[in-house]
Amino acid sequence: MQRFLQEIRLDNVWMPGDSASELGLNDTELSATFAIPLGWDIEHPLLITPGFAAQFWTGPEGPPQELPPRTFEAYLQGAWLPQVTEIVGAELAVRIGVYSDLSAVVEESIRIHGRGLGVIALSPGIRLKLGVWYLDRNDVKMLPAGGLVWTPSADIQLDAVFPNPRLAIRFPGYRSTDWWIYLRGEYGGDSWTAELDAPGHTPHPYEVDYNDLRLGLGVEFKTVRGFSGLVEVGGAFGRELLYFEPIGQAPIPPFRPDPVVYIRGGLAY
């Protein structure tokens, strides 16, 4: 039997920054995942995840590039991980939500994210994944996704899968709690609508993309009672804010802050 409530999760990413060339970010997300049984596939239920996130920004300093102090996300995601045969499976997910500073909720605030990956078991320890990630950002709408997942033993897993690769190694000798150390990469960021004040124009909703590349080293745990968590330290590189003006409004140049060391933490049950 599948549990109806699969997980409640809280995540936070903190990036410091308070100078003219920096961009500070405190990103907090709360979500819950529920399993809805499917009559024809009891072992692979539909996973429904409502979630809410708030981003607290520091910088850039001064208009027109200055962001509002807060942006928000409220979304609903559906995911399904069917196993068609012992060899062929899939990872499917669609998310729809509102991404805005709430002073500028317009049609462009509604965004759709998704991913579709085919999964082929090449051997008991190797799986091939191929598909796409749909990001619905203004600059990057879609990314190809794929690679190999190699599990040579129960204590090692290598996800050489673009755009979010990961290597995890389990510490031996623990009975009631699994401890893992991992190294991972991520294409980070998102897109929101925000009311900005461009010189010579009245405040107006702009679409803003934030993009970065992250490389993090972390430790995570999971207990036999279902509690799990992680602590991660890493670097964010290639950071950029891209502004997309509505018709008739003044363009705003991109802002590219310095690389930064970030700290991530998470708890789940």
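What are the ³J(HN,Hα) values, in whole Hz, obtained from phi via the Karplus relation 6.51 cos²θ - 1.76 cosθ + 1.60 with θ = phi - 60°, for each residue of the range 93-107 in sequence order, with x given for Gly and Pro?
Coupling constants for the range 93-107: 7, 9, 10, 10, x, 10, 10, 6, 8, 6, 8, 9, 8, 10, 4 Hz.
Figure the gain on full extension for ILE110 and LEU128 (residue separation times 0.36 nm, minus the Cα-Cα span) and round it to one decimal in nm.
3.2 nm
Looking at the chain, identify the longest residue range that excludes and avoids all GluC sites (Glu not before Pro) in DSSP loops having at most 16 other Cβ atoms within 10 Å.
87-269
Please list the non-local residues whose amide H lies under 5 Å from the amide H of LEU46, H modeled 1.01 Å from N, same-chain partners needing a gap of 5 or more.
The answer is ILE36, LEU38.
Check PHE171: other-chain or 5+ apart residues with amide H under 5 Å from its amide H, H built from backbone geometry?
Correct list: TRP179, TRP180, ILE181.
Per residue, how big is the convex hull of the chain when only Cα atoms are used? Give it in Å³.
Given the Cα convex hull of the chain, per-residue volume reads 132 Å³.
Per residue, how much accessible area does the range 105-179 have with a 1.4 Å probe, in Å²?
Here the per-residue accessible area is 60 Å².
Starting from the 7 Å offset along Cα-to-Cβ, what nm value, one decimal, do you get for the label separation of LEU30 and VAL94?
With each label placed 7 Å out from Cα toward Cβ, I get 2.8 nm.
Over the chain, with a Gaussian network built from C-alpha contacts below 10 Å, which listed residue (ALA168, ALA250, ALA194) shows the highest mean-square fluctuation?
Maximum fluctuation in the GNM of the chain, among the listed residues, is at ALA250.
Compute the relative contact order of the range 111-223 as a whole-number percentage, counting only Cα pairs closer than 8 Å that sit 6 or more residues apart in sequence.
Computed over the range 111-223, the figure is 18 percent.
Relative contact order for the chain: what is it in percent, counting Cα pairs under 8 Å that are at least 6 residues apart?
Relative contact order of the chain: 15 percent.
At R0 = 25 Å, how high is the FRET efficiency between ASP18 and TYR187 if r is their beta carbon distance? Nearest 0.05 is fine.
Plugging the Cβ-Cβ distance into 1/(1 + (r/R0)^6) gives 0.45.
In the range 83-155, which trypsin sites (Lys or Arg not before Pro) fall in coil by DSSP and have 14 or fewer other Cβ atoms within 10 Å?
Those satisfying the criteria are LYS141.
Report, to the nearest whole %, how much of the accessible area of the chain belongs to carbon and sulfur atoms, 1.4 Å probe, protein only.
65 percent
The values are calculated or read from the model by the stated rules, or taken from the named source; none is laboratory data. Since this is a predicted model, take the numbers as computed values, not measurements. Cβ sites come from the backbone with ideal geometry, for glycine too, and all protein chains shown count toward neighbours. For accessibility, only protein heavy atoms count, side chains too; no ligands or nucleic acids. Shrake-Rupley method; radii C 1.70, N 1.55, O 1.52, S 1.80 Å.
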